[in-house]
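Reading through the structure tokens given below for one structure.
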Amino acid sequence: MTRRSANWFGARGRAGMTARSWLRNQGHDDEVFDGRPVIGIATTWSELAPCNAHQQRIAESVKRGVWQAGGFPLEFPNMALGETLVRPTAMLYRNLLAMQAEETIRANPLDAVVLLSGCDKTTPGLLMAASSVDLPAIMLTGGPMLNGKHRGRDIGSGTAVWQAEADLVAGRITEQECHVIEGCMSRSAGHCMTMGTASTMACIVEALGMQLPYAASWPAVDARRSVAAQRTGRRIVQMVDEDLKPSDLLTPAAFRNAIRANAAIGGSTNAVVHLIAIAKRLGVELDVDDFDRYTRDVPTLVNLMPSGEHLMEDFCYAGGLPAVLTELGELIDGSTVTVTGRSMAENIAGAEVHDRAVITSAAEPFQAVGTGTAVLRGSLAPDGAVVKQSAASPRLLQHTGRALVFEDVDEYYAVCRDDDLDVDADTVLVVRNAGPRGYPGMPEVANVPVPKKLQEQGIDDVVRISDGRMSGTAYGTVVLHVCPEAAAGGPLALVRTGDPIRLDVPARRLDLDVPEDELQRRRAEWQPPPNPHPRGYPRLYHEHVLQADQGADLDFLVGGSGSYVPRDGH
Ligand code: FES
Ligand code: MG
């Protein structure tokens, strides 16, 4: 069998000599060009992406496995996106990472690729890339940090920050104590150890069958993660001969398993946008309504922060994702093929729950069936909106109130602490222009805090509606991802302060109660905002980004181009 890499290394004359000679400056002997599988190891580490900064160590273990199995590993860097430092939002650059990684994989003499991710956007970014090239691929997420520990208590990434800020404002702790908490929260390598987007996406990758069983939950510093890395390296070499590609693994059934797993773990709403984007790279039909359809019968089994009490380290010791999938029984399609070369059912056979406080049974679930992500439609969201029911207040799930409209989050933050803000418990806060095009990049700003005036009255939640996203660690009755977004001319752009808005989650409705002729009038007056970005990637993004219900990918990146490259540069 002639491998793809042989087109480079097996070539005669100048082309082959060029491909081989320069690579030998790294000390490789001739043997690496004998036709063995060439394995790319795609990293996303950087000292600017703290959650992925330990990846070089993982890559070394992967390489060891590749060598053991008779492959030739070549590591290459990709755009490292860290949630905590990148502005205006790492989400703006997910598609750039995907584009850069796709082109790098295709342009080089690779037969397969190992994808090393971690922080939120690096997982979907690399999976989108690999799906569009469709060479054999396996992922290994970087693992969570050890549990945060402060004064004998577990504290979670993100969650502890919100808490400390509130405690500081209320005078319960000092500035100095906040600094102590900082260090206690992030005390080892790894990504967020709450069930935020990184842990959610890690579990989803495992449920999709794209990483080895249990790989989502080994802590970043656990020796067993290094073992998993080594196994990943050995496995990808075999996958080359089996020609096991993303398009073989990422089937509609695999996506259904991922959607159900997400509901069972109480995962982040961000998974909706990422999974749709990945599916569209493969031509798999997946729409926002599927997230409602396939989760209605799924209970939430995992008791992790932010909705629960525990953290990823506990989840690992309690049995990890295989235990959850086993507990879901018939809801999971065990026939899907996975990177192990075996079915999902074979992968999870024998998995057990070791701690019922962390992973509950389906019979006595942590949260009842039907409390997952709901997809709403109506005159305010013709193309859909999502709400995480488990994070919302039950009393607000059916609610009508008058809109108080803010053009953007900055406008809201400027007044949200005012004592004379015109709000009451029934007010519906509308914060628009936080969508893909509007912000740009659809940041996690939709969960704006409850106005101070209401907080002082003991009101801890109001309905908030936005075209933005919400952090996987956040809470509240927040309607997210309203489509089309305001900046694209969705009805959200036409709402005015005082308009009645009707939210009915049980009926899956979100409506703006304004007569049609009035809306027509407002629409006629509405002008699309000009592209505020004169140049560079933000300009390209603004011109081509799709709406959230389409995965917020760039329109010209949907689909794939395969791995074939017709011409050489020499
Ligand atoms: Fe990177 Fe949470 S900030 S995973
Ligand atoms: Mg995040």
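Read the figures in this text as sums done on the coordinates, not as results from a lab. All values reported here derive from a predicted model rather than from experimental measurement. Positions of Cβ are generated from backbone atoms using ideal geometry, with glycine treated the same way; all protein chains shown enter the neighbour counts.
For the reader, a short list of remarks on this structure follows.
- Residue 507 falls short of the stated requirement of being within 12 Å of residue 437 (Cβ to Cβ) and either in contact with a strand residue (DSSP E or B) (Cβ under 9 Å, 6 or more places away or on another chain) or surrounded by 18 or more Cβ atoms within 10 Å (Cβ to Cβ) (or both).
- Checking each residue in region 206-216 for being part of a loop (DSSP other than H, G, I, E, B) and away from ligand 1 (no atom under 14 Å from the Cβ) picks out 209, 210, 211, 212, 213, 214, 215.
- Given (1) of a type outside the set (S, T, N, Q); (2) buried (at least 24 other Cβ atoms within 10 Å of the Cβ); (3) part of a helix (DSSP H, G or I); (4) away from ligand 1 (no atom under 16 Å from the Cβ), number of the condition residue 231 does not satisfy: (2)
- Apart from one condition, residue 110 fits all of (1) assigned to a loop (DSSP other than H, G, I, E, B); (2) within 16 Å of ligand 2 (Cβ to nearest atom); (3) in contact (Cβ under 8 Å) with a residue 60 or more places away in the chain; the exception is (2).
- Filtered by the rule that a residue be assigned to a helix (DSSP H, G or I) and within 20 Å of residue 94 (Cα to Cα), region 165-205 gives 197, 198, 199, 200, 201, 202, 203, 204, 205.
- Among residues of region 405-426 that are assigned to a loop (DSSP other than H, G, I, E, B), those with a beta-carbon under 7 Å from a residue that is of a type in the set (S, T, N, Q) at least six positions away or on a different chain give the pairs 407/433; 408/433.
- Taking region 336-352 as the range and being more than 23 Å from residue 300 (Cα to Cα), hydroxyl-bearing (Ser, Thr, Tyr) and touching a strand residue (DSSP E or B) at 6+ places or on another chain (Cβ under 9 Å) as the test, only 343 passes.
- Residue count for region 79-124, restricted to those that are surrounded by fewer than 24 Cβ atoms within 10 Å (Cβ to Cβ) and among the polar types (S, T, N, Q): 5
- Among the conditions (1) under 22 Å from residue 133 (Cα atoms); (2) part of a helix (DSSP H, G or I), the only one that residue 35 does not satisfy is (2).
- Residue in region 437-458 that is part of a strand (DSSP E or B) and either away from ligand 2 (no atom under 16 Å from the Cβ) or touching a strand residue (DSSP E or B) at 6+ places or on another chain (Cβ under 7 Å) (or both) present: no
Yes or no, residue by residue, for (1) assigned to a loop (DSSP other than H, G, I, E, B); (2) basic (Lys, Arg):
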position	(1), (2)
475	yes, no
483	yes, no
493	no, no
502	no, yes
519	no, no
527	yes, no
531	yes, no
552	yes, no
561	yes, no
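- Residue count for region 75-107 satisfying the condition of being over 17 Å from residue 51 (Cβ atoms), within 16 Å of ligand 2 (Cβ to nearest atom) and not in a helix (DSSP H, G or I): 1.
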